[in-house]
Amino acid sequence: LCVAAVPVLFKRALENTDMEEGKSVSLRCELTKADATVVWKKGETTLQASAKYEMKQKGTVAELVIHNAEPEDA
């Protein structure tokens, strides 16, 4: 039995989102495979879950919530 691994692709990519300083902003993308591993990055830095960054994933939708948004979060 030979099983080929199917790559995970973006079904709906991230979109530019306006934010209001000091508020929370939510970024979402949709993948072609449920529960795929998602890594959120800002430039070369991998973001870790914290009071500022909240990562959620349900099925094929991955979400990053940035709390207390600042201009540096662009």
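Okay, here's what the table says:
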item: Residue within the stretch 39-46 that is acidic (Asp, Glu), in contact with a strand residue (DSSP E or B) (Cβ under 6 Å, 6 or more places away or on another chain) and free of Cβ contacts under 8 Å to residues at least 40 places away in the same chain present; result: no
item: Qualifying residue in the stretch 22-36 (condition: without any contact (Cβ under 8 Å) to a residue 24 or more places away in the chain and charged (D, E, K, R)); result: no
item: Test for Glu21: is it acidic (Asp, Glu) and either at pLDDT below 85 or in contact with a strand residue (DSSP E or B) (Cβ under 9 Å, 6 or more places away or on another chain) (or both); result: no
item: Spans of strands (runs of 3 or more DSSP E) in the stretch 7-66 with at least 1 residues open to solvent by 50 Å² or more (accessible area, probe 1.4 Å) and of a type in the set (Gly, Ala, Ser); result: none
item: The listed residue being out of contact with any helix residue (DSSP H, G or I) (no Cβ under 6 Å at 6 or more places or on another chain) and modelled with pLDDT under 90, out of Arg12, Arg28; result: Arg12
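The values are calculated or read from the model by the stated rules, or taken from the named source; none is laboratory data. Since the model is a prediction, treat every value here as computed from it, not as a measurement. Note: ideal-geometry Cβ built from the backbone for every residue, glycine included; neighbour counts use all protein chains shown. SASA here: full protein model, heavy atoms, side chains in, ligands and nucleic acids out. Shrake-Rupley method; radii C 1.70, N 1.55, O 1.52, S 1.80 Å.
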